[in-house]
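Student: Dropping a structure here in structure tokens format, bear with me for questions.
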Amino acid sequence: MSQTVSSIPITVPAWPVVGTLAQRELVRFFRQRTRVFGALGQPIIFWLLFGAGLQSARVGSGDKLDFAHFFPGTLVMILLFTAIFATISIIEDRREGFLQGVLVAPVPRWAMMLGKVLGGAAIAMLQGLVFLFLGWLTGAVDWYPVLSTTPLAVVASLVLMLVISIALTALGFLIAWRMDSTQGFHAIMIVFLLPMWLLSGAFFPMDVGGWLGAIVRINPLTYGVAGLRHYLQNGGNEIAGLPSVSVCWLVSLTFAAAMLIAAWLIAGTRSTADLQ
Amino acid sequence: MGTGKGRVHTMSDPPAVEISHLAHHYGEHQAIRELSFSVNPGEIFTLLGPNGSGKTTLFRVLSTLIPIQHGTASILGHDLRSEPQAVRRQLGVVFQAPSVDKKLTAVENLIHFGRLYGLAGRELKSRADEMLARLGLTDRKSELVEKLSGGLRRRVELAKGMLHRPRLLLLDEPSTGLDPAARSDLWQYFNQVRQENGVTVVLTTHLLEEAERADRIAVMHRGELVALDTPAALRAAVGGDAITIRADDPGSLAAMIADRFQLKPKVVEGLLRLELPAGHEWIPRLIEAFPDHIESITLGKPTLEDVFIHVTGHRFWNEEQMDNEPSSRHARIKAKTRRQGDKETRR
């Protein structure tokens with residue numbers, strides 16, 4: 001039997017760690033059927049209700065407000081909810097003890113964080129893809145001209161979706177890391193994350209004035225929603241009145257990078273919740 | 001570090017654990033103070049103390065979960081502060097609260113944790129199977145952990161802790177929630193990994209009868225080390241036999257006994273205690289001398305509880321009730337097992 005300690009290197013290869021933790025997130029997600037159902041069902045219902053309700057109300061002056069208009073915003077909402085709920089699991093991991101086991105393993109903290117974030121982002125992407133497929137399906141049956149995109153725009157929109165997913169999961173990680181209960185997370189959800197989505201151009205038009213407009217413009221998620229609008233509603237051609245495609249990419253990538261760095265930094269700190 | 005070293009431990013091996021002037025506080029609360037001791041390689045070493053004695057804090061420091069505040073500690077020659085990754089590599093940690101993922105099967109848990117320790121592919125799979133077989137989990141390995149009983153979950157936990165073949169196994173209250181048979185299996189397992197793999201086992205416990213199975217016991221009390229020796233030597237230190245007398249007025253009886261026999265009785269929580277050799281000879285003499293003052297008198301070979309009283313002046317379980325830690329999940333678990341343990345140690 002090879003019992004010598006020296007046969008095992010002291011530093012553990014980091015990427016298998018990232019992979020195994022991300023894989024675990026996916027396995028856990030699919031084993032919890034209610035999570036699958038809830039995360040997908042809720043945005044579809046919202047989409048149908050907002051689309052139908054606001055269309056009849058004619059909010060914008062002469063703007064075309066239909067299902068297609070609300071599609072990109074709803075897609076971002078799916079990414080937001082799924083990404084955030086996926087990272088809430090870090091609180092459960094801590095309470096159930098799994099995280100302790102990871103923290104005392106010879107694993108770099110960034111690998112632990114990245115595994116968690118990529119796992120959550122993968123779940124968000126999967127749901128986003130299902131919703132996108134649904135959009136195509138309804139467009140294909142010519143119910144409404146939901147999507148009219150070129151293949152290149154499709155690829156670009158998928159990459160942008162991934163960037164947004166990673167940014168939002170990392171944001172979720174950032175919020176959840178120091179928390180010791182999921183109740184606290186729900187408060188953050190209502191006072192911070194939901195307004196962040198409402199003020200991302202997904203719901204209100206971009207050109208609202210005053211302080212509301214200012215918030216919309218500094219909200220990084222606005223640029224994710226606008227980017228997806230360019231691709232999904234206009235085949236990648238710029239829609240007037242929205243930030244340009246390159247600005248959307250720049251802001252979204254910066255948002256993701258900043259959130260990942262912040263999540264990495266906070267993962268190096270210890271939470272008092274470990275000592276309960 | 002010694003390459004190609006056999007499993008026989010020699011004098012040149014660094015201590016499995018070496019702690020020097022270690023102190024830790026949570027805010028105002030000083031959890032451990034000025035702790036110094038070392039654990040020999042290949043030893044089964046118990047940290048014994050009531051809740052709040054600081055043993056769990058010490059466990060957290062040694063497991064690298066919390067940083068060292070004062071003093072130094074090293075594990076297998078690696079400094080905890082400067083080489084935490086090297087320490088983690090050789091450390092198998094078993095927490096009191098389960099750390100296996102309930103939504104995964106037993107074997108999935110081992111595979112995931114194996115990768116955290118740099119294992120992969122076929123070797124990981126065969127090691128996982130080997131560990132599951134060793135702990136008698138082979139036929140349950142594909143069941144979700146949440147469907148397993150508490151005892152089986154603890155076994156998955158142990159399998160996880162030993163998967164990467166650590167040289168030191170560190171366990172926090174490992175017998176919590178286990179029935180006596182499972183507890184006995186646990187100790188058999190400790191002896192097995194010590195003999196076959198040369199593993200040093202360090203565990204915390206608040207069960208006196210469990211501590212007695214270890215090679216050496218460190219008794220902790222209010223964050224300090226109050227005694228450290230083999231169970232036999234600790235009992236011997238009590239001084240022969242322990243006589244316990246129940247009396248109406250233990251204080252004045254103690255004075256009378258001290259006066260008449262030149263003994264030094266102690267009053268511990270309303271009971272009068274005497275520690276002395278050849279206790280059986282003293283029983284009739286005491287009863288004849290003070291027939292009206294003694295309600296009952298018992299003679300016992302010293303137990304670890306006697307050791308604890310001897311070194312701290314407090315009874316073990318009462319000490320625990322004085323503890324005012326916030327009622328966390330762990331505290332509740334401990335309270336439950338404490339009652340269980342209380343019964344067993346009272347024999």
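Student: Among the listed residues B:V219, B:V202, which satisfies the condition of being out of contact with any helix residue (DSSP H, G or I) (no Cβ under 6 Å at 6 or more places or on another chain), buried (at least 17 other Cβ atoms within 10 Å of the Cβ), closer than 30 Å to A:V102 by Cβ and of a type in the set (V, I, T)?
Tutor: Only one candidate passes the filter, namely B:V202.
Student: Further, regarding this structure: From (1) more than 13 Å from B:V202 (Cβ to Cβ); (2) of a type in the set (A, V, I, L, M, F, W, C); (3) within 11 Å of another protein chain (Cβ to nearest Cβ), pick out the condition that doesn't hold for B:L80.
Tutor: (3)
Student: Quick one: which residue in A:V216, A:V191, A:V247, A:V208 is touching a helix residue (DSSP H, G or I) at 6+ places or on another chain (Cβ under 8 Å), farther than 23 Å from A:V159 by Cβ, surrounded by fewer than 17 Cβ atoms within 10 Å (Cβ to Cβ) and hydrophobic (A, V, I, L, M, F, W, C)?
Tutor: A:V208
Student: Can you name the residue in region B:146-165 that is farther than 20 Å from B:D185 by Cα and either touching a Leu at 6+ places or on another chain (Cβ under 6 Å) or part of a helix (DSSP H, G or I) (or both) and is also nearest to the other protein chains (Cβ to nearest Cβ) among such residues?
Tutor: Within region B:146-165, the match that is nearest to the other protein chains (Cβ to nearest Cβ) is B:E146.
Student: Filter the helices (runs of 4 or more DSSP H) completely within region B:166-247 down to those with at least 1 residues that are at pLDDT below 90 and closer than 20 Å to B:F59 by Cβ.
Tutor: Result: B:180-197, B:208-211.
Student: I would also like to ask the following. Do you know which residues across region B:13-35 are in contact with a His (Cβ under 6 Å, 6 or more places away or on another chain) and under 16 Å from B:R81 (Cα atoms)?
Tutor: B:A23
Student: Can you name every residue in region B:175-201 that is within 14 Å of another protein chain (Cβ to nearest Cβ) and under 13 Å from the mean Cα position of the chain (by Cα)?
Tutor: Listed by number, the list holds a single entry, B:T176.
Student: Looking at B:S252, is it exposed (fewer than 15 other Cβ atoms within 10 Å of the Cβ) and either under 19 Å from B:M220 (Cα atoms) or modelled with pLDDT of 75 or more (or both)?
Tutor: So B:S252 fits the description; yes.
Student: Hey, another quick one. Restricting region B:87-114 to residues that are free of Cβ contacts under 8 Å to residues at least 24 places away in the same chain and closer than 24 Å to A:G19 by Cβ, which is nearest to the other protein chains (Cβ to nearest Cβ)?
Tutor: B:H112
Student: Return a yes/no flag: does region B:46-58 have any residue that is within 11 Å of chain A (Cβ to nearest Cβ), without any contact (Cβ under 8 Å) to a residue 12 or more places away in the chain and either within 16 Å of the chain's Cα centre (by Cα) or in a loop (DSSP other than H, G, I, E, B) (or both).
Tutor: No - not one qualifying residue is present in region B:46-58.
The values are calculated or read from the model by the stated rules, or taken from the named source; none is laboratory data. Please read these numbers as outputs of a predicted model, since none were measured by experiment. So basically every Cβ, Gly included, is an ideal-geometry build from the backbone, and we count neighbours across all protein chains shown.
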